[in-house]
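Take a look at the structure below.
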Amino acid sequence: MKTLEELLDEHTAPARFFERLDDGAVRCWSCAHRCLVKPGRRGICGVRFNRDGDFRAPWGYVAAIQVDPVEKKPFNHLLPGSNALTFGMLGCDFHCDFCQNWVNSQALRDPAARLYHEAIHPTSPEGMVAAARRNNADVIVSSYNEPLITAEWAQDIFTRAQAAGLKCAFVSNGNATPEVLRALRPVLSAYKVDLKCMRDKQYRQLGGVLQHVLDTIKMARELGLWVEVVTLVIPGMNDSNEELWDAARYLASVSRDIPWHVTAFHPDYKHTGAPPTGASTLRRAAEIGQEAGLNYVYA
């Protein structure tokens with residue numbers, strides 16, 4: 001019986017977001033890890049791999065697909081009132097212990113996800129656009145897992161979706177590179193970033209670097225993408241006044257028109273020790289965002 005990894009390897013195509021190096025190695029730039037991937041090896045994400053110098057990326061399947069209001073992404077300023085067709089694949093370049101989509105994002109790291117062939121639904125870019133049309137969706141969104149690590153697949157879907165008059169968006173951890181943002185910009189309308197905290201030590205425990213995420217927010221805005229930011233407010237992790245002020249001030253320094261969504265945590269995955277976020281905490285976070293000068297704060 002094939003492993004999940006072996007099954008996923010069958011749903012790949014030649015990658016585009018990388019640089020060729022000597023001896024068959026490549027430098028991937030689909031995310032800010034910029035993995036050096038030698039022949040026979042994989043990137044940190046586990047889904048981008050080097051097969052004898054042929055660098056491969058996920059393509060041709062979805063593991064999750066759903067139609068719901070675009071505000072649920074949440075995008076409150078991207079065709080409000082519209083339906084969004086949201087799709088996802090498997091894998092992530094982070095390993096957040098509070099992930100609310102961990103069954104998809106951590107499928108290749110955590111056996112508890114227990115996903116196998118039933119999670120893989122083959123499709124095509126044309127099929128995805130047709131599904132959006134059937135469901136009266138004006139927006140197509142790559143989400144659920146980290147879209148940066150499957151960006152070629154999203155780009156191919158979005159190219160056809162844009163030609164059909166649809167808006168296209170990412171829901172991402174923001175661990176992007178300037179190269180991938182520039183490559184995606186022609187087919188991307190909006191980019192939602194999860195700003196998980198404002199402490200680099202904490203970010204590194206999650207598998208990322210704070211500055212990479214801050215740079216993504218700024219560059220996406222500079223490229224003309226509509227940017228919205230979400231902070232999942234977790235008691236005892238990122239809910240101090242100091243940290244919330246740091247987040248709000250940074251966003252306001254980029255643009256006061258960036259919507260900031262401060263959302264409630266509920267115990268999930270491996271982060272079960274903290275209580276759910278209380279309404280008073282969300283009100284406090286929202287007040288900080290408003291005092292920092294942000295024009296659109298949602299709690």
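The values are calculated or read from the model by the stated rules, or taken from the named source; none is laboratory data. Predicted model, so just to flag it, every value in this text is computed and none were measured. Here the Cβ positions follow ideal geometry from the backbone for every residue, glycine too, while neighbour counts run over all protein chains shown.
Of all residue pairs spaced 6 or more apart or on separate chains, those with beta-carbon atoms under 6 Å, a first member in segment 186-214 that is assigned to a loop (DSSP other than H, G, I, E, B) and a second member that is of a type in the set (D, E, K, R) and surrounded by fewer than 23 Cβ atoms within 10 Å (Cβ to Cβ) are S189/K167; M198/E243; M198/D246.
The strands (runs of 3 or more DSSP E) located wholly in segment 1-105 that include 1 or more residues which are more than 29 Å from V297 (Cα to Cα), out of contact with any Gly (no Cβ under 6 Å at 6 or more places or on another chain) and without any contact (Cβ under 8 Å) to a residue 40 or more places away in the chain occupy 18-20, 26-28, 49-51.
On the stretch given as segment 245-273, residues that are part of a helix (DSSP H, G or I), aliphatic (A, V, I, L, M) and closer than 19 Å to N173 by Cβ total 3. Every condition in (1) crowded, with 21+ Cβ neighbours inside 10 Å; (2) closer than 21 Å to A151 by Cα; (3) not β-branched (V, I, T) holds for N238 except the one numbered (2). Among the candidates P235, P276, the residue that is in contact with a Gly (Cβ under 9 Å, 6 or more places away or on another chain), in the same structural domain as H95 (by TED's automatic domain parsing) and assigned to a loop (DSSP other than H, G, I, E, B) is uniquely P235.
Sort out which residues of segment 73-125 are of a type in the set (V, I, T) and either surrounded by fewer than 17 Cβ atoms within 10 Å (Cβ to Cβ) or within 21 Å of T3 (Cα to Cα) (or both), and write them in order of number. Once the filter is applied, which keeps residues that are of a type in the set (V, I, T) and either surrounded by fewer than 17 Cβ atoms within 10 Å (Cβ to Cβ) or within 21 Å of T3 (Cα to Cα) (or both), segment 73-125 yields V103, I120, T123. Between a first residue in segment 216-244 that is without any contact (Cβ under 8 Å) to a residue 40 or more places away in the chain and a second residue that is among the aliphatic types (A, V, I, L, M) and surrounded by fewer than 21 Cβ atoms within 10 Å (Cβ to Cβ), which pairs have beta carbons less than 7 Å apart while being 6 or more apart in sequence or on different chains? Short answer, once both residue conditions are applied: K218/V254; R221/V254; G236/A274.
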